[in-house]
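The values are calculated or read from the model by the stated rules, or taken from the named source; none is laboratory data. Because the structure is a prediction, the values reported are computed rather than measured. Virtual Cβ from ideal backbone geometry, glycine too; neighbours counted across all protein chains shown.
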Amino acid sequence: MTSGTTLASNFAAPGEGERQAGSTESKARGRALTDSGAGQPLLDVRGVTIQYKTQHHLITATYRVSFKVLQGDRFVVVGPSGCGKSTLLQIVAGLIDGTAGEVLLNGSPVTAPPPEMVYLFQQYSKSLLPWRTVEQNVALVFESKGMKKRDIAACCGEYLGMVGLASFRKHYPWQLSGGMQQRVAIARALAAQPRVLLLDEPFSAVDALTRIELQSLVLDLWARQGLTILLITHDVDEAVFMADRIAVLSSRPSTVEMVVDTELPWPRDAMGTRELPRFLQLRHELVTHLLQRQNAGRADA
């Protein structure tokens, strides 16, 4: 990037050299989406505005936020602290209503939590029932469908095997590390067979090495299960590593300033990807941009 080029212009209109630098895997995937008719958005966020009242003021958290997520996307939303990222994800999930705008899933308005979407919370320890074993926590999904006990046991074993916890099925959550508890939550989410997996900063409560392992696990499961992922995170490194595209929010009242195509090759390698020049460039420019926005927001507060 030449001196004086802004982040927005660099990402919004990449040069021909940048287009050619995109990986063969990414280009082939893009052609496959178009050829299969999957180029239409699976998830369409249209003009979502979030307002809430305090004792003396009306606060606008987001203003007309819009973006589209394609089938099979790994789409990440980042933004300065306090810009409404998690609240936005709850609206997408149908858990709460926005003040204005709408969310469409496969063309239909989201007015309640759809069965095709599963929300993975940040506080994994609060989402697991401590009086139930690991297997019994995953079994909740199958019990709600009225499955027989022997079938439930087989299904639980399958999904716990996907996250490397088959040998811990009889343990209780409090007997596991934080990273293992989050793996249980991931296994239960996958057991629901979602079309869209919504992730609300799901790795922020674990240590750095466990976070890297869980990021790679989710990407591996994405490839095996054919998921569409929408991730909210404050961690730019995580965003660049996991995303096909990144929506960058402004400070409050937040809007979508740009959508960045990471143009990094797939599959992602926990170490090798983070050492690529493109990865380092994106991380540097996004961190610089977000720091500027966050500092400007504090100055205006």
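The residues on offer are 274, 245, 268, and the sole one that is basic (Lys, Arg), in contact with an Asp or Glu (Cβ under 9 Å, 6 or more places away or on another chain) and free of Cβ contacts under 8 Å to residues at least 60 places away in the same chain is 274. Of the numbered conditions (1) farther than 16 Å from residue 119 by Cα; (2) more than 16 Å from the chain's Cα centre (by Cα), residue 184 satisfies every one except a single condition; which is it? Failed condition: (1).
For region 270-286, a residue qualifies if it is surrounded by 14 or more Cβ atoms within 10 Å (Cβ to Cβ), under 20 Å from the mean Cα position of the chain (by Cα) and either of a type in the set (A, V, I, L, M) or farther than 16 Å from residue 216 by Cβ (or both), and the qualifying residues are 282, 283, 286.
For residue 146, the stated conditions hold: it is surrounded by fewer than 20 Cβ atoms within 10 Å (Cβ to Cβ) and not in a helix (DSSP H, G or I). Within region 197-252, the set of residues being outside any loop (DSSP other than H, G, I, E, B) and among the acidic types (Asp, Glu) comprises 200, 213, 220, 237, 238.
Restricting region 149-190 to residues that are assigned to a loop (DSSP other than H, G, I, E, B) and of a type in the set (Ser, Thr, Tyr), which is surrounded by the most Cβ atoms within 10 Å (Cβ to Cβ)?
Ranking the qualifying residues of region 149-190, first place goes to 172.
Among the polar types (S, T, N, Q), assigned by TED's automatic domain parsing to the domain that holds residue 58, outside any loop (DSSP other than H, G, I, E, B) and within 13 Å of residue 202 (Cβ to Cβ): is that true of residue 281 in this structure? Considered against the rule, which asks whether it is among the polar types (S, T, N, Q), assigned by TED's automatic domain parsing to the domain that holds residue 58, outside any loop (DSSP other than H, G, I, E, B) and within 13 Å of residue 202 (Cβ to Cβ), residue 281 comes out as no.
Among the residues of region 62-83, write down those that are modelled with pLDDT under 85 and surrounded by fewer than 23 Cβ atoms within 10 Å (Cβ to Cβ). Answer for region 62-83, where residues must be modelled with pLDDT under 85 and surrounded by fewer than 23 Cβ atoms within 10 Å (Cβ to Cβ): 81, 82.
Residue count for region 68-105 under the criterion of being closer than 18 Å to residue 234 by Cα and not in a helix (DSSP H, G or I): the result is 11.
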